[in-house]
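Contents: one structure, followed by commentary.
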Amino acid sequence: MHLRKKILLAEDDQDDQDFFHDFLHEREDIFLLPIASNGEELLDYLASTTELPDAIILDQNMPKLNGLQTLQLLKDTSRYSNITVMVYSTSTDDSLIKRSSLLGATLVVSKPSSYKGYQRMIDELIRHL
Amino acid sequence: MEEQLTKSIESLEAELEELRHQLYEAQETIDAIRTGQIDAIVVNGSNGHELYTLKTADHSYRVFIEKMTEGVVSLNHEGIILYCNSQFASLLNMPISRVIGTPFQDFVPEENKRSIRRLFEESWSKDCKEEVTLHTCDLEIPVLLSLTALEFNENMALNIIVTDLTIQKRTQQQLETTNAQLAEMNHELELSNHDLQQFASVASHDLQEPLRKIQMFSNLLKNQNKEILSEESQRFLDKIMNSSKRMKTLILDVLSYSRLSANNNVFEPVNLNDITKELLDDFELIIQEKKAEIRVGDLPVIEANRGQIRQVFQNMVSNALKFSKPDLAPVIEISSTYLVEKFFDGLPQPDGPYCLIRIKDNGIGFDQKYQNHIFALFERLHSKDSYEGSGIGLSITKKIIEKHDGLVHVRSTSGEGAEFLLLLPVSQEKNKQHASAQEDLIGRR
């Protein structure tokens, strides 16, 4: 089996951080990097590490730097611009989908509301890696 | 005989001489009249001496000028008013005697005197027109001056027709004010519409967050604590989950209804056959479950907003399946006719500008008296326990159809199925023009 895909999440909501960790940490095809609680923390983490993630999941609504702002900064930085980015949010409307894809997001999804939903979301993400 | 001839030649020559003289005199008279040397002649006519003057014509013109609704003024080279009609005097609200002999410039505001002087100078050599303001002690009068230099009592005079523009200006100003108010109101309306849409959008988003948590934790509770929970607790939990699900539907429907208010319609050719095919795939499970039969006729390609029209058909089919009779397999017929005009009972015409789409079912139907009710927001004819739904679906349908400049109607009898009629224009040309005209109005602000 090939290497686990390293996944980095930026999410400010404690419950959602827990769901993400609890539902996904047992999967053998992925490796969860420490969760950042907003865009700023995520960028700090990336700047401090030598091992970049294979995929980044950005919550849209976060303090300091929200999903789209973080996405733009990532895509504007050559070191990070090739990392696959997925934007997720409680409600995804056309405008969020449009803006995200314009900025270079690979996927835009609604936050899952079940264990199965989380698994499906990660399956979909891995298909794009 | 010869003598007679001679005589007649002589008399004819005399007559000729007399006529020549008369002709000469007549020409003299005409010249005199034309140059203004005389203003009356006496003619020895068949009824004795008669006095002919130019009064007839001259008088008419004097009366004409007096009665004109425009002011008339004549100025000499120095700009002194030699003559004016009473209309001009009353325009200035002064007696004629005080106007005649006064320099025209006395009625011109200080700041305009120079430009008026220049205008007068120019007018001596060619006809001019200009809008200016006159004033008297307490009055500012916008006027149009039409200036012509003409001979007047053997001297040249500058003749001016003065048109009072007060009413025109006032009307114009009122029109501008009204226009500005209208634009302002339009702008406010746009803002409030936008606010409302923002509000609905934000509210729906923020409402979804806690709701999702309720769903997540109910799921966890149910799955992970199955053994601990009493049967009653599990039943309560199911109720929480059902309510959450219904709330989710409500929020999403409110959101999509509010999004319809945004003026962002993008029209494209949409093949309704494709839309229906897609929907039948989506409904495959429930169609099988209910053993439903769906008969789809040949549907047209119309200009529409694809997502919105899809939603309309989805609502129609979903309703027809939902309100089926428990003991009867649903049969849903979807058919279409082109019509000549925007009228449900309009005449059919192949390639007509409108298409009438019928969605007919054999379900429970409803009393025709509720036909308008069912399109109202949050209106439901059945309790939510017997038929789920937000009560927004048909409101969304109606709004979408109206956004497409179409009409929606329903015919039903309780217990005998329902038939929805959607009347849609084939082309959105009119709608597009309307939208661009609106944009124009906003753009011009």
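The values are calculated or read from the model by the stated rules, or taken from the named source; none is laboratory data. None of these values were measured; they are calculated from a predicted model. Backbone-built Cβ (ideal geometry, glycine too); neighbour counts: all protein chains shown.
Name the single residue that is nearest to A:THR90 (Cα to Cα) among those in region B:180-219 being facing chain A (nearest Cβ under 8 Å) and of a type in the set (D, E, K, R).
This residue is B:GLU209.
Based on this model, can you work out whether B:PHE104 counts as modelled with pLDDT under 90 and closer than 20 Å to B:GLU151 by Cβ?
no
Kindly establish whether B:ARG259 is within 14 Å of another protein chain (Cβ to nearest Cβ) and charged (D, E, K, R).
Details: within 14 Å of another protein chain (Cβ to nearest Cβ): yes; charged (D, E, K, R): yes.
Taking the combined requirement at face value, the residue satisfies it.
Considering region A:1-40 alone, what residues qualify as being of a type in the set (D, E, K, R) and more than 13 Å from the chain's Cα centre (by Cα)? Talk me through it step by step, then tell me what you get.
Step one: filter region A:1-40 for residues of a type in the set (D, E, K, R), giving A:4-6, A:11-13, A:15-16, A:18, A:22, A:26-29, A:40.
Result: A:ARG4, A:ASP13, A:ASP15, A:ASP18, A:ASP22, A:GLU26, A:ARG27, A:GLU28, A:ASP29, A:GLU40.
Could you list, ordered by first residue, the pairs with Cβ atoms under 7 Å in which the first is in region B:113-135 and assigned by TED's automatic domain parsing to the domain that holds B:ASN93 and the second is among the polar types (S, T, N, Q), at least 6 apart or interchain?
That search, which allows pairs on different chains as well, returns B:LYS113/B:GLN105; B:ILE116/B:GLN105; B:ASP127/B:THR148; B:LYS129/B:SER146; B:VAL132/B:ASN112; B:THR133/B:ASN112.
Looking at the structure I just gave you, is B:ILE251 away from chain A (no Cβ under 14 Å) and in contact with a helix residue (DSSP H, G or I) (Cβ under 7 Å, 6 or more places away or on another chain)? If you could, list the steps in order and put the result at the bottom.
Numbers: away from chain A (no Cβ under 14 Å): no; in contact with a helix residue (DSSP H, G or I) (Cβ under 7 Å, 6 or more places away or on another chain): yes.
In short, no.
Scan region B:390-414 for residues that are assigned to a loop (DSSP other than H, G, I, E, B) and either touching a Lys or Arg at 6+ places or on another chain (Cβ under 7 Å) or among the hydroxyl-bearing types (Ser, Thr, Tyr) (or both) and jot them down.
Answer for region B:390-414, where residues must be assigned to a loop (DSSP other than H, G, I, E, B) and either touching a Lys or Arg at 6+ places or on another chain (Cβ under 7 Å) or among the hydroxyl-bearing types (Ser, Thr, Tyr) (or both): B:SER390, B:GLY391, B:ASP405, B:THR413, B:SER414.
Does region B:220-234 hold any residues that are within 14 Å of chain A (Cβ to nearest Cβ) and of a type in the set (A, V, I, L, M), and which are they?
Hits for region B:220-234 are B:LEU220, B:LEU221.
So which helices (runs of 4 or more DSSP H) are wholly in region B:82-143 and hold at least 2 residues that are among the polar types (S, T, N, Q)?
Because the criterion is at least 2 residues that are among the polar types (S, T, N, Q), the helices (runs of 4 or more DSSP H) in region B:82-143 that meet it are B:86-92, B:113-123.
Which ones in region B:262-303 are within 14 Å of chain A (Cβ to nearest Cβ) and in contact with a helix residue (DSSP H, G or I) (Cβ under 7 Å, 6 or more places away or on another chain)? Walk me through it before giving the result.
Start the filter on region B:262-303 by keeping residues that are within 14 Å of chain A (Cβ to nearest Cβ), which leaves B:262, B:264-266.
Hits for region B:262-303 are B:ALA262, B:ASN265.
Counting residues that are among the aromatic types (Phe, Trp, Tyr) and in contact with a Ser or Thr (Cβ under 7 Å, 6 or more places away or on another chain), which helices (runs of 4 or more DSSP H) fully inside region B:252-345 reach at least 3? Quick ask: steps written out before the conclusion?
Details: elements: B:272-282, B:284-290, B:306-322.
By residue number, no helices (runs of 4 or more DSSP H) qualify.
Can you pull out the residues in region A:80-107 that are without any contact (Cβ under 8 Å) to a residue 12 or more places away in the chain and either over 20 Å from B:GLN208 (Cβ atoms) or buried (at least 18 other Cβ atoms within 10 Å of the Cβ) (or both)?
Initially, region A:80-107 is screened for residues without any contact (Cβ under 8 Å) to a residue 12 or more places away in the chain, giving A:82, A:93-95, A:97-98, A:101-102.
Across region A:80-107, the qualifying residues are A:ASN82, A:SER101, A:LEU102.
Given the conditions (1) outside any helix (DSSP H, G or I); (2) at pLDDT below 90; (3) over 12 Å from B:VAL73 (Cβ atoms), which single one is not true for B:ALA157?
(3)
Within region A:100-129, count every residue that is in a helix (DSSP H, G or I) and within 14 Å of chain B (Cβ to nearest Cβ).
Initially, region A:100-129 is screened for residues in a helix (DSSP H, G or I), giving A:100-103, A:115-127.
From what is left, the residues that are within 14 Å of chain B (Cβ to nearest Cβ) are A:115-119, A:121.
Count: 6.
Looking at this structure, is B:ASN85 surrounded by 15 or more Cβ atoms within 10 Å (Cβ to Cβ), out of contact with any Asp or Glu (no Cβ under 9 Å at 6 or more places or on another chain) and polar (S, T, N, Q)? Before the answer, list the steps.
Values: surrounded by 15 or more Cβ atoms within 10 Å (Cβ to Cβ): yes; out of contact with any Asp or Glu (no Cβ under 9 Å at 6 or more places or on another chain): no; polar (S, T, N, Q): yes.
No: the conditions fail for B:ASN85.
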